[in-house]
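If you scroll down you'll find the structure; I have some questions about it.
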Amino acid sequence: MKQRETLIRKIIPVELFDMAGLEHWLSDMAAQGLHLVKLNHDTARFRRGEPVPGVRFGLEITGVSDIDRERNAAYQEAGWTYVTTLRNLYYVYRTERVDAPPLHTDPALQSQQWNKLYRSARRGFVRDVFLLVLAAVLTALLLEDTPILHLLTTSAVPLILYGLYQLCSLPAAWAEVQDLSRLVRRLEAGEPMDHRAPYPRRRLVPLLSFALCVLLIVLLVLPRYILPFLGGGRRPIGEVSDFSPLSLAQVEGQGYRPYEMEDPDQSDYFHYSRRNHYLLCWNQWEVFQAGQADLAGKLNWMQIDWYDIPAPLSFLSAPLAEELLSKSMKLDEDIWWTDQEGGTWQVSKHADPRVKFLSTARKERTLFQTAAAATGGQVVLVRYTGHGDLSEYLEDIIQMAEGGTS
Amino acid sequence: MGGKDRGPLTEPMFYVLMSFLKRDMCGTEITEFVARKTRDRVRLGPGTLYTLLGKFQEEGLIQETEVDGRKRTYRLTGKGRAVFQEELDRLRACLNDAEEEI
């Protein structure tokens with residue numbers, strides 16, 4: 001069985017457009033016995049062998065294909081051996097022959113090739129600026145209505161991180177465009193390219209940049225496509241593990257009859273709890289209960305939304321509760337909610353040393369009520385349509401905000 | 001470069017076109033011709049030659065006549081000859097201008 005060869009991977013210490021620095025570095029590696037096998041955008045892989053001083057490397061801007069056999073044959077005749085291709089950027093050649101001519105001897109002609117690269121880098125810069133603006137617009141749209149809720153429960157944070165990353169990358173990208181522009185001008189003036197240039201021993205930027213990119217991709221994908229499936233879907237209300245939900249039966253009092261599914265084998269859409277996970281709010285519960293009270297065509301129901309805020313963000317709990325309450329009062333178009341009935345909301349604030357925020361609201365002359373409470377770590381919102389009065393259940397609401405089951 | 005819209009030819013371009021005046025040529029022969037003709041003053045790197053042949057072919061200044069394994073032979077087209085002649089006339093004019101001033 002053929003044994004797989006162990007290759008040595010190194011971070012490329014120069015910018016990829018710094019052709020002279022890159023050629024110089026590859027030559028130095030060969031002189032140390034590290035012979036190039038594969039070049040990626042951030043790293044190079046080498047095979048260990050005998051040190052060969054005086055090896056020269058030549059980089060050629062790529063054409064349409066990854067391997068250009070015809071070109072390689074022509075270069076081979078002149079003493080240059082094809083080594084590898086850096087996708088969309090360079091073909092890499094090497095020679096040990098002292099008499100092999102440089103790959104290019106017509107700077108003006110070479111300037112036309114580099115001009116293509118310069119234009120491509122310039123387009124890349126414009127694209128980066130566009131992506132930055134897009135990230136800013138998307139973030140603004142996400143945070144427009146309920147900024148704190150969206151910050152905790154959507155992809156807003158990774159999007160902001162991505163925007164910051166783009167913003168930090170722009171100066172370097174612009175410097176690269178400027179370097180290329182200068183190089184093209186020098187070549188147009190007939191000045192040949194350098195093939196040796198000093199380079200730093202280490203460059204951590206590509207590694208950090210790569211790690212950040214991976215992290216951002218994970219963060220962008222996780223909240224949208226993975227986390228929602230980890231909560232477990234609808235489950236019985238008795239399975240709520242982080243707090244004791246206020247019961248609709250308790251608020252409605254005597255005569256309460258739960259809404260029953262016509263088909264008892266079907267999933268109960270009228271009494272359930274659901275746990276959701278978000279990046280910055282790992283446990284979020286939604287509890288729904290419905291009854292059969294006669295409310296002139298309105299559904300007798302209660303929904304509780306409960307949020308567990310991580311300690312470093314506990315300062316957001318009171319603003320979130322206030323925001324949820326305000327959003328709740330504006331949800332006139334929600335078919336389960338106020339049904340666009342007239343009336344203004346009467347808001348009552350309550351003081352209690354155990355909570356940072358406690359407030360109830362009732363749409364006057366209607367059955368629609370809402371309440372919100374926040375402690376340092378948890379926030380709860382209750383929306384209710386029924387005969388009871390939420391302000392009589394402040395103790396229960398506080399207990400939900402404090403978390404823990406009785 | 002070369003022709004009214006191209007501007008002047010560079011030296012390697014001029015000599016590569018010159019190499020085809022008397023007969024068809026392949027890459028190695030062109031390199032040898034240019035080195036011999038200019039007494040090694042103008043050297044053609046493989047990248048320069050390869051790029052030039054591709055460019056000249058694309059612009060219709062030369063055309064491929066034979067492919068024998070890796071060896072490709074080209075010949076000058078009428079358009080290529082005209083471009084070369086135009087550059088030659090330009091260089092003659094430059095030379096005359098300079099000699100008049102000496």
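The values are calculated or read from the model by the stated rules, or taken from the named source; none is laboratory data. On a predicted model such as this, the values are computed, not experimentally measured, just so you know. Methodologically, a virtual Cβ is constructed for each residue, glycine included, from the backbone with ideal geometry; neighbour enumeration extends over all protein chains shown. What goes into the accessible areas is simple: the full protein's heavy atoms, side chains included, and nothing from ligands, DNA or RNA. Shrake-Rupley method; radii C 1.70, N 1.55, O 1.52, S 1.80 Å.
What does the extension gain come out to for residue A:186 and residue A:52, with contour length at 0.36 nm per residue minus their alpha carbon separation? List each step's numbers first, then the result.
On the way: separation 134, 0.36 × 134 = 48.24 nm, distance 3.21 nm.
Between residue A:186 and residue A:52, full extension yields an extra 45.0 nm.
Now a separate question. Per residue of region A:176-190, what does 6.51 cos²θ - 1.76 cosθ + 1.60 with θ = phi - 60° give for ³J(HN,Hα)? Whole Hz please, x for Gly and Pro, Karplus curve as stated.
Whole-Hz 3J(HN,Hα) from phi for region A:176-190: 5, 4, 5, 4, 5, 4, 4, 4, 4, 5, 5, 5, 4, 7, x.
Mind listing, in residue-number order, the residues in region B:46-72 that have at least 20 Å² less accessible area with every protein chain present than in their own chain alone (1.4 Å probe)?
Checking the loss per residue gives B:46, B:47, B:48, B:50, B:51, B:55, B:70, B:72.
Straight-line reach only, C-alpha to C-alpha below 20 angstrom: list the lysines that residue B:37 could link to, leaving out same-chain residues fewer than 8 apart.
B:22
Any chance you could list P(r) for the protein assembly as shown, counting all Cα-Cα pairs in 10 angstrom bins from zero, rounded to whole %?
Per 10 Å bin, starting at 0, the Cα pair percentages come out as 3, 14, 18, 14, 10, 9, 10, 10, 8, 4, 1, 0.
Could you compute the FRET efficiency for residue A:270 and residue A:315, with r as their C-beta to C-beta distance and R0 at 35 Å, rounded to 0.05? Walk me through the numbers before you get to the answer.
On the way: r = 37 Å, r/R0 = 1.05.
My answer for the efficiency is 0.45.
Provide the per residue accessible area, probe 1.4 Å, for chain A, rounded to a whole number of square angstrom.
It amounts to 53 Å² per residue over chain A.
Compute the helix-to-body angle for B:78-101: its Cα long axis versus the longest principal axis of chain B, expressed 0 to 90° and rounded to tens.
30
How many percent of the accessible area of region A:106-200 is carbon or sulfur, using a 1.4 Å probe?
64
So what is the calculated 222 nm ellipticity per residue for chain A, using -39500 (n - 2.57) for each DSSP H run with n of 4 or more, over all residues, to the nearest 500 deg cm²/dmol?
-12000 deg cm²/dmol
Roughly speaking, to the nearest percent, how much of chain B's 1.4 Å accessible area is carbon and sulfur?
On the way: 2810 of 5990 Å².
Carbon-and-sulfur percentage of accessible area, whole number: 47.
Excluding ligands, DNA and RNA, what is the solvent-accessible area per residue of chain B at a probe of 1.4 Å, expressed in Å²?
59
Please work out how much length the chain gains when fully extended from residue A:96 to residue A:194, using 0.36 nm per residue of separation minus the C-alpha to C-alpha distance, in nm with one decimal. Write out the running numbers ahead of the final one.
Numbers: separation 98, 0.36 × 98 = 35.28 nm, distance 1.84 nm.
Gain on stretching residue A:96 to residue A:194: 33.4 nm.
With the solvent-accessible surface defined on protein heavy atoms using a 1.4 Å probe, which residues belonging to region A:102-121 display a reduction of at least 30 Å² in accessible area in the multichain context relative to the isolated chain?
Hits at the 30 Å² cut-off: A:103, A:105, A:106, A:109, A:112.
Distances over 22 Å make up what percent of all Cα-Cα pairs in region A:106-198?
48
Same structure again: Any chance you could give the angle, 0 to 90 degrees and rounded to 10, that helix A:19-31 forms with the longest Cα principal axis of chain A?
The two axes meet at around 70 degrees.
Could you calculate the contour length gain from residue A:11 to residue A:161, that is, 0.36 nm times the residue separation minus the distance between their Cα atoms, to one decimal place in nm?
51.5 nm
For region A:117-269, just the Cα set please: Rg and Dmax, both in angstrom.
Here Rg and the maximum Cα pair distance are 27.3, 95 Å.
Can you pick out the pairs among A:298/A:349; A:38/B:55; A:298/A:363; A:10/A:38 whose Cα atoms lie more than 19 Å from each other? Kindly include the intermediate steps, with their values, before the conclusion.
Working: A:298/A:349 27 Å; A:38/B:55 29 Å; A:298/A:363 14 Å; A:10/A:38 11 Å.
Too far apart for the 19 Å limit: A:298/A:349; A:38/B:55.
Report which residues of region B:22-44 become buried by 50 Å² or more of accessible surface when going from the isolated chain to the complete set of protein chains (1.4 Å probe; DNA, RNA and ligands ignored).
Going by heavy-atom accessible area, the residues of region B:22-44 that drop by at least 50 Å² are B:43.
Further question: Tell me, what are the semi-axes, in whole angstrom and largest first, of the equivalent ellipsoid of chain B as set by the roots of 5 times the Cα gyration tensor eigenvalues?
Here the semi-axes work out to 25, 16, 11 Å.
Moving on to the next point. Which order do B:24, A:294, A:305 take when ranked by solvent-accessible area (1.4 Å probe, heavy atoms of all protein chains), largest first?
A:294, B:24, A:305
Please work out the ratio of the alpha-carbon Rg of region A:255-324 to 2.2 N^0.38 Å and round it to two decimals.
Relative to the 2.2 N^0.38 Å estimate, region A:255-324 comes out at 1.46.
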